[in-house]
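Here is the structure we will look at, set down as structure tokens.
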Amino acid sequence: FGGGGGGGASSSSSSSKLNIQKSNTLMDECEILEWGDHDHIDPRSNDDDTNQNEGGSDGKKKRGKKSSWEFVELASDNKTPKRIRDGKFVFIDEESCIGCAQCAQIAPGSFVMLDSGRARTYSQSNTPENNDAISACPVNCMHKVAFHELKEMESSRDHGDGRTDHRHMGLSKRHTPLNVAGIDSDANHKSSWYHYLKQKCYISSSCPQRGCYDCPMFSNPGDNPHYKKLHRAAEKIRAKDFIDSGDADIYRNTVDL
């Protein structure tokens, strides 16, 4: 009986150690929801981030030919951005860009100057340099948007919206930034994809229910209650995804008990 008792004690001890080990990896969903804007960035090496900068300026321009939303990592629901919150995505109103290149110099990991002389976001990220680049823009043509807005705006910019009367926008090559053209042009005073789509949304029956981050019906970005509701739902999806995938474990400080 003594031997059996010893085996039971050993089994009990092993079970206790296993339970302690498991408890070290537990993470409360609320703990993740309290993370800051930059806490969702994966500190582990990311091959995609390395590859996107290979080839220098030419590599960035090549990547810039595709919509930046296509490279955004999504949660397991395949809809919610996993590491970037709505309102942190940057869309550049290229028709209003004057080609000063400030953004590409301040945050070269996110923005690039195209051959047209316009700036473009080729990689969405949470880096603090993005805010500095936005603040430095002399014509305020860099806009923070929600992910669904980014998809709509970049898709319209790259492929149009089915209409043929936007000759000064999108796929047209007529508009040239002033510093590139060296002359003034009436085309620079026309609308742009950003302002056109914002106005289209504003006068539609789906505003403000679409939950846009910078809704013109409210004084400040993020004040839209429908945006806040979508944001809260997205935070819970992200938190659950981080826990289930094990990505959250690397952010925890664990100790041996």
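With a 1.4 Å probe and every protein chain left in place, tell me how much accessible area T127 has, in Å² to the nearest 10.
The accessible area of T127 comes to roughly 50 Å².
If packing is taken as the average number of other Cβ atoms within 10 Å across a peptide's residues, how do 113-119, 225-231 rank, most packed first?
Descending packing order for the listed peptides: 113-119, 225-231.
Put a dot 7 Å past each Cα toward the Cβ at N78 and S191; how far apart are the dots in nm?
In this crude spin-label approximation the distance works out to 3.4 nm.
Measuring with a 1.4 Å probe in the full set of protein chains, what accessible area per residue, in whole Å², belongs to segment 108-157?
Per residue, segment 108-157 has an accessible area of 34 Å².
Too long at a 28 Å Cα-Cα cut-off: which of K88/K200; K66/K236; K88/K240; K88/K198; K198/K240?
Where the Cα-Cα span goes over 28 Å, the pairs concerned are K66/K236; K198/K240.
How do the peptides 204-210, 241-247 rank, highest first, by the average count of neighbouring beta carbon atoms within 10 Å per residue?
Highest to lowest by the protection proxy: 241-247, 204-210.
The values are calculated or read from the model by the stated rules, or taken from the named source; none is laboratory data. This structure is a prediction, so every number in the text was calculated from the model and none was measured. Glycine also receives a Cβ, built like all others from the backbone with ideal geometry; neighbour counts cover every protein chain displayed. Surface areas here come from the heavy atoms of the whole protein model, side chains and all, with no ligands, DNA or RNA. Shrake-Rupley method; radii C 1.70, N 1.55, O 1.52, S 1.80 Å.
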